[in-house]
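Chemist: Here it is, the structure in full.
What follows draws every value from the coordinates through simple rules; no lab data is involved. Here the structure is a predicted model, which is why all the values come from computation and not from measurement. Please note: Cβ atoms are built from the backbone with ideal geometry, for glycine as well, and neighbour counts cover all protein chains shown.
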Amino acid sequence: MLPEVEKIADDIRTMRIRGAARIARTAAEALRIVAEKSEAKTLDGFMKEINQAAHLLLSTRPTAVSLPNAVNYVLSRVRKAAESGSLKETRWETIRAANDFIESSLRALDIIGELGARRIKHGDVVMTHCNSSAAISVILKAAEQGKVEEVYATETRPRFQGRLTARQLAEKGVKVNLIVDSAARYFMNEVDRVVVGADAVAVNGAVVNKVGTSMIALAAHEARVRFYVAAETYKLSPSTILGELIEIEERPATEVVDEEFLRKYPNIRVRNPAFDITPPEYIDLIITNKGVYPPQAIAMLMREEFEWILEELYPEYRVRLVEEE
Ligand code: RI2
């Protein structure tokens, strides 16, 4: 395995590289690096290298579906190119596919910003959680249009990604209040809209995002504050169409307490889920690069976007399609 690819995998696992979109782009980049640096003399040898790298990348973090969606997008184009039997063409197609994914991911962020900003009104106070490039794109676009009065950003225990958000917004001149996560309800009465990102969206419109999101959604629902999720289409989880559940990553206890605490109180079990699930009833809109959807309609978009992946990767689904014809 190339040391560059091992390093990328390690950086994703340890969250030096984080955020669902960035993880996806970096995974695509890792596959491009394999194609650029491969010394394989045969197509079989190259395919083995690509598959090994894909396997390693997929094992890094289990929840953000953007990662397998990116890897599968590239792999699918690589497999098709490999049918030509040409090593050179397959390598080039790997590079092109990775570049296409990265470019369209960046374009998607801009589109989400444009569409999402239309849902923010002049004078709005916006709350956000964690550090989502998609949510920030919406807030910054709306702020550019002079609509955002101020933002409440939760600090986001245990890794404090909310500080990044506060910094990124403040650097662009947005008025930011950084608050502890548990103050979300206290400030909810001052908020007009909540905008968060997503690591995965299930077929029923439920959204998996940074732990704490569902509590904020609950508080927003109770206070009748609109709750929006900003998510590129590659955050949609096609395997949920087949009834699969999204695995919630549980991270090390040392992110919550230090080693000394763990040693001193061996009978205390520290739980540290990285994500939680917000049910569709608490979500008003999912803002995607393909339009704005109520969560109840997301299944439609998911089928349109991922028919190919279901057919290619899930043979049992193909059987069903054939039966339906
Ligand atoms: P973008 C992050 O996960 C957060 O949960 C954030 O809301 C989500 O990814 C989406 O981020 P983590 O990697 O793709 O911090 O919108 O665990 O940037």
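Chemist: Order of V5, V138, V126 from fewest to most other C-beta atoms within 10 Å? Can you show the working numbers first?
Modeler: Details: V5 22, V138 30, V126 27.
Listing V5, V138, V126 from fewest to most nearby Cβ atoms yields V5, V126, V138.
Chemist: Still on this structure, I have one more. Enumerate by residue number the GluC sites (Glu not before Pro) in region 71-168 meeting two conditions: DSSP loop (anything except H, G, I, E, B), and at most 11 other Cβ atoms within 10 Å of the site's Cβ. Provide the component values of the computation, followed by the final result.
Modeler: On the way: sites: E83, E89, E93, E103, E114, E144, E149, E150, E155; in loops: E83, E155.
Answer in residue order: E83.
Chemist: Return the inverse of the average 1/r over all pairs of distinct C-alpha atoms in the chain, which is the Kirkwood hydrodynamic radius, in Å to one decimal. Write out the running numbers ahead of the final one.
Modeler: Working: mean 1/r = 0.0482 Å⁻¹.
Kirkwood radius, the chain: 20.7 Å.
Chemist: Another one. Mean residue ellipticity at 222 nm from the helices of the chain, using -39,500 (n - 2.57) per DSSP H segment of n ≥ 4 over the full residue count, to the nearest 500 deg cm²/dmol? Spell out each step's value before the answer.
Modeler: Numbers: 12 runs with 163 residues, N = 325.
It lands at -16000 deg cm²/dmol.
Chemist: Largest first and in whole Å, give the semi-axes of region 3-110's equivalent ellipsoid, each being the square root of 5 times a Cα gyration tensor eigenvalue.
Modeler: Values: eigenvalues 102, 48, 23 Å².
One finds semi-axes of 23, 15, 11 Å for region 3-110.
Chemist: My understanding is that a pair violates if its Cα-Cα distance is over 22 Å; which of K172/K235; K121/K235; K88/K235; K121/K175; K7/K41 do that in this structure? Don't skip to the end; give the middle numbers.
Modeler: Values: K172/K235 27 Å; K121/K235 26 Å; K88/K235 32 Å; K121/K175 16 Å; K7/K41 24 Å.
Check vs 22 Å cut-off fails for K172/K235; K121/K235; K88/K235; K7/K41.
Chemist: Taking loop as defined by DSSP and a crowding limit of 14 other beta carbons within 10 Å, which GluC sites (Glu not before Pro) in region 160-259 fit? Could the numbers behind the result be given before it?
Modeler: Values: sites: E171, E190, E222, E232, E244, E247, E249, E250, E255, E259; in loops: E190, E232, E244, E247, E249.
Taking region 160-259 and a limit of 14 other Cβ atoms within 10 Å, the loop GluC sites (Glu not before Pro) found are E190, E244, E247.
Chemist: For region 13-170, calculate the relative contact order in percent as a whole number, restricting contacts to Cα pairs under 8 Å that are 6 or more residues apart.
Modeler: Working: 194 pairs, mean separation 32.5, N = 158.
Relative contact order, region 13-170: 21 percent.
Chemist: Using alpha-carbon pairs under 8 Å, 6+ residues apart, how would you state the relative contact order of region 1-85 in percent? It would help to have the intermediate numbers written out before the result.
Modeler: Values: 68 pairs, mean separation 32.6, N = 85.
After rounding, I find 38 percent.
Chemist: So which aspartates and glutamates pass the test for K80, namely a Cα distance under 17 Å, with those fewer than 8 places away in the same chain ruled out?
Modeler: In chain and number order, the partners are D44, E49, E89, E93, D100, E307, E311, E312.
Chemist: Counting other beta carbons within 10 Å of each residue's own, what order do M188, M215 fall into, fewest first? All intermediate terms of the calculation are to be shown ahead of the outcome.
Modeler: Working: M188 20, M215 17.
By the 10 Å Cβ count, ascending, the order reads M215, M188.
Chemist: So for the chain, averaging the separation of alpha carbon pairs under 8 Å that are six or more residues apart and normalising by length, what relative contact order in percent results?
Modeler: Working: 571 pairs, mean separation 51.3, N = 325.
Relative contact order comes out at 16 percent.
Chemist: Rounded to the nearest 5, what % of DSSP beta bridges with both residues in the chain are antiparallel? Please report the intermediate quantities before stating the final value.
Modeler: Details: 10 of 29 bridges.
Taking every DSSP beta bridge within the chain, about 35 percent pair in antiparallel fashion.
Chemist: Roughly speaking, what is the stretch gain from E4 to V270, that is 0.36 nm per residue apart minus the C-alpha to C-alpha distance, in nm to one decimal? Let's see the in-between values first.
Modeler: Numbers: separation 266, 0.36 × 266 = 95.76 nm, distance 3.35 nm.
Once the chain is fully extended between E4 and V270, it gains 92.4 nm.
Chemist: Cut-off 10 angstrom, C-alpha nodes, Gaussian network model of the chain. Which of A230, A219, A253 fluctuates the most?
Modeler: Checking each option, the largest mean-square fluctuation is seen for A253.
Chemist: On to the next question. Are there any trypsin sites (Lys or Arg not before Pro) in region 215-278 that are in a DSSP loop and have at most 11 other Cβ atoms within 10 Å? List them by number. Numbers along the way, then the final one.
Modeler: Values: sites: R224, R226, K235, R263, K264, R269, R271; in loops: R224, R269, R271.
Counting only loop positions with at most 11 other Cβ atoms within 10 Å, the trypsin sites (Lys or Arg not before Pro) in region 215-278 are R224, R269, R271.
Chemist: Ok, one more. Points 7 angstrom from Cα along the Cβ direction at Q52 and R163: gap in nanometres?
Modeler: 3.9
Chemist: Further question on the same structure: How much length, in nm to one decimal, is gained on full extension between D192 and A223, taken as 0.36 nm per residue of separation minus their Cα-Cα distance? Write down the numbers at each step before the final one.
Modeler: Details: separation 31, 0.36 × 31 = 11.16 nm, distance 0.96 nm.
Taking 0.36 nm per residue and subtracting the Cα distance, the gain is 10.2 nm.
Chemist: Here is a follow-up. Taking the chain as a Gaussian network, Cα atoms linked when under 10 Å apart, which of L57, L236, L313 shows the biggest mean-square fluctuation?
Modeler: L313
Chemist: How far, in nm, would the chain grow between W308 and S182 when pulled straight, counting 0.36 nm per residue and subtracting the alpha carbon separation?
Modeler: Extra length available between W308 and S182 comes to 41.1 nm.
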